[in-house]
Amino acid sequence: MKIGLEIHVQLPTRSKMFCSCPTTDAEAPNTHVCPTCLGMPGSRPALNRKVLEYGIMLAKMLNCKVAETTWFSRKTYFYPDMSKSVQITQYDNPVGSEGFYSVKGKKIRITRIQLEEDPGKTKRVGDLSSLVDYNRSGIPLAEIVTEPDMSTPAEAREFLGLLIADIRHTLDLPGDGERSIRCDCNISVGKERCEVKNVTGLKNVERALSFEVVRQTKVLKAGGKVERETRRFDEERGVTISVRKKEFESDYGFIDEPDLGIFRIGKMAESIKIRESPQNMALRLAAQYGLEEKTAKQIVSTSVGLAELFEDVAKAAGVGTAASWIGAAASYWKTFEDSPEGRSGIVAILRDLSEGRINDVEAGMRLRSFMTGATEESVKAASADLDVLIAGYIDANPAILDEIRRNEKASNRIIGHVMKESGGAYSSADVVSAVKRIVDGRL
Ligand SMILES: [Zn+2]
């Protein structure tokens, strides 16, 4: 089985690709439009340079070769959601080509990244008519095309999930990034492939592909032939439906777009630096600091800022201190995400600990006080209460210590009891470290 994806990413520009119409959601259909994005005769497109920049960023993220010169082409477009009957896209010399993206050590080859304009939207009304809304027409997209290197629907889903997280980070996409990413899924169980168009969401990609596996396998087992065609996915019923026989490249009649010219982007590409992707960062943290890969991924997926804190602490106070305290810092991290002072404050406390000026208990208290804004006295009082709760449980159930000697996990019972008794007044990281401290003291 071979699976390849074509992923359409909406690029976060403020205006459309070839005109100055806004890309924000419009209140009514056909309001964010002008002669250019409606494709009126006589109108001429002018390229939004930001689109090239974003394209280069993605090409770099995907380890592609960035073209020295790039240009656009017109593709014949038969449908009414593009009123000028051509779509401006890239054919020869797209912005990036021959890249790869790794998923669990396996390389998925990236054929190309091309820049193109989005068509409008059509909406069926009754059986005989449709309405067209051109607000979306001309919104810039990058299309990422992979080789058919994925071998199961689950693998395709995993690939896409990681890719979307990395794209969001690289382009600073808004939180609902998954909505702005659509996917065409190519799949062949036998020789001929089918394309399921415009699937949104990771779960739907896996569902659509799984349905195709079953459908194509049945056709082949019955001695039939899978036809090369375009299908769509019905989310409610979980099935794919034939839309049309697949066109071949020659049907599109590509010609170079004469209104835009050629763009020399080699220099521009050199000057564009991209941020390290979360996936690469996790791999680097694991290798550089000797963390388990799972732990490194957990830290980075909580937030890249927390991973940066980990690195700061590791440099100032050693990897051991960073590894044992990052969990405690994580529970209050949200408010510190964008605060450099906050970050250096945490580093200073943990440096004091590693250099022996304060002990574990004091470090815990100072950290909590610093991160919650509570006074050290109140933190001290609260943690005294916490200590009393824990000690109380052990006193009432002394056998627990023997159990912990045999199996460390038995301490989860103390943790569970304290969490319940205190009604969530303490973070789980605080309870875990207090239980460990008191239990270690008694063993
Ligand atoms: Zn426009």
Enumerate the aspartates and glutamates that K267 could reach by cross-link, defined here as Cα to Cα under 16 Å, with residues fewer than 8 away along the same chain left out. E53, E68
Accessible-area composition of region 278-442, carbon plus sulfur, in percent [1.4 Å probe]: 51 percent
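How much net charge surrounds P35 when only the other residues with a Cβ under 14 Å from the Cβ of P35 are counted, with Lys and Arg +1 and Asp and Glu -1?
Values: positive: K16, R44, K84; negative: D259.
Around P35, the charge tally is +2.
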K75: which lysines have alpha carbons under 17 Å from its alpha carbon, excluding same-chain residues fewer than 8 sequence positions away? K84, K246
Given the options A156, A323, A410, which has the most mean-square fluctuation in a GNM of the chain, springs set between C-alpha atoms less than 10 angstrom apart? A410
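In debye, nearest 20, what is the charge dipole magnitude of the chain about its Cα centre with +1 on Lys and Arg Cβ and -1 on Asp and Glu Cβ, if you could check? Before the final figure, lay out the partial values.
Details: 63 positive and 63 negative charges, 252 e Å.
The calculation lands at about 1200 debye.
Measure off, as a whole percent, the carbon and sulfur share of the 1.4 Å-probe accessible area of region 2-271, all protein chains present. Show your work: numbers first, answer last.
Numbers: 6670 of 13230 Å².
Result for region 2-271: 50 percent of the exposed heavy-atom area is carbon or sulfur.
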Normalised per residue, the volume of the convex hull around the Cα set of region 362-443 (Å³): 82 Å³
Once fully extended, how much extra length lies between D92 and R437, figured as 0.36 nm per residue of separation less the alpha-carbon to alpha-carbon distance? 117.7 nm
When the Karplus curve 6.51 cos²θ - 1.76 cosθ + 1.60 is applied with θ = phi - 60°, which whole-Hz ³J(HN,Hα) does each residue of region 410-416 get, with x for Gly and Pro? 4, 5, 4, 5, 5, 4, x
At 1.4 Å probe size, with every protein chain present, just tell me what the per residue accessible area of region 1-56 comes to in Å². 50 Å²
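What do you get for trypsin sites (Lys or Arg not before Pro) in region 230-268 restricted to DSSP loop and a cutoff of at most 14 other Cβ within 10 Å of the site's Cβ?
On the way: sites: R231, R232, R237, R244, K245, K246, R264, K267; in loops: R237, K246.
Within region 230-268, the qualifying trypsin sites (Lys or Arg not before Pro) (loop, at most 14 other Cβ atoms within 10 Å) are R237.
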For region 278-442, what is the relative contact order in percent, using Cα pairs closer than 8 Å and at least 6 residues apart in sequence? 15 percent
For the chain, what does the equivalent ellipsoid look like in terms of its semi-axes, each the square root of 5 times an eigenvalue of the Cα gyration tensor, given largest first in whole Å? 52, 27, 21
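What relative contact order, as a whole-number percentage, does the chain give when Cα pairs under 8 Å and 6 or more residues apart are counted? Working shown, then result.
Details: 736 pairs, mean separation 60.6, N = 443.
Reported relative contact order: 14 percent.
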Theoretical gain in end-to-end length, E236 to K334 [0.36 nm per residue, Cα-Cα removed]: 31.6 nm
Pick out, in residue order, every one of the chymotrypsin sites (Phe, Trp or Tyr not before Pro) in region 232-286 that is DSSP loop and has at most 12 other C-beta atoms within 10 Å; say none if there are none. F248
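With a cap of 15 neighbouring Cβ atoms within 10 Å, and only residues DSSP puts in a loop, list the trypsin sites (Lys or Arg not before Pro) found in region 306-396. Show your work: numbers first, answer last.
Working: sites: K315, K334, R343, R351, R357, R366, R368, K380; in loops: R357.
Loop-located and lightly packed - R357.
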Answer with one residue from P45, V66, P12: the one whose Cα lies farthest towards the positive end of the charge dipole of region 1-123, charges on Cβ with Lys, Arg +1 and Asp, Glu -1. V66
Under 5 Å, built H, 5+ apart or other chain: amide partners of D118: G138, I139, L141
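Roughly speaking, what is the stretch gain from L401 to M268, that is 0.36 nm per residue apart minus the C-alpha to C-alpha distance, in nm to one decimal? Provide the component values of the computation, followed by the final result.
On the way: separation 133, 0.36 × 133 = 47.88 nm, distance 6.46 nm.
Going from the current span to full extension adds 41.4 nm.
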In whole Å, what is the distance between the alpha-carbon centres of region 255-282 and region 323-348? 34 Å
Would you list which lysines come within 26 Å of K107, measuring only between C-alpha atoms, while excluding same-chain residues fewer than 8 positions from it? K2, K60, K65, K191, K197, K203, K273, K294, K297
Mean shadow area of region 118-174 over all directions, Cα convex hull, nm²: 6.5 nm²
Quick check: the distance between the Cα centres of region 372-443 and region 18-44, to the nearest angstrom? 62 Å
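The values are calculated or read from the model by the stated rules, or taken from the named source; none is laboratory data. Since the model is a prediction, treat every value here as computed from it, not as a measurement. Neighbour counts are summed over all protein chains in view; Cβ atoms, including those assigned to glycine, are modelled from backbone coordinates with ideal geometry. Keep in mind that these areas ignore ligands, DNA and RNA; they rest on the heavy atoms of the full protein, side chains included. Shrake-Rupley method; radii C 1.70, N 1.55, O 1.52, S 1.80 Å.
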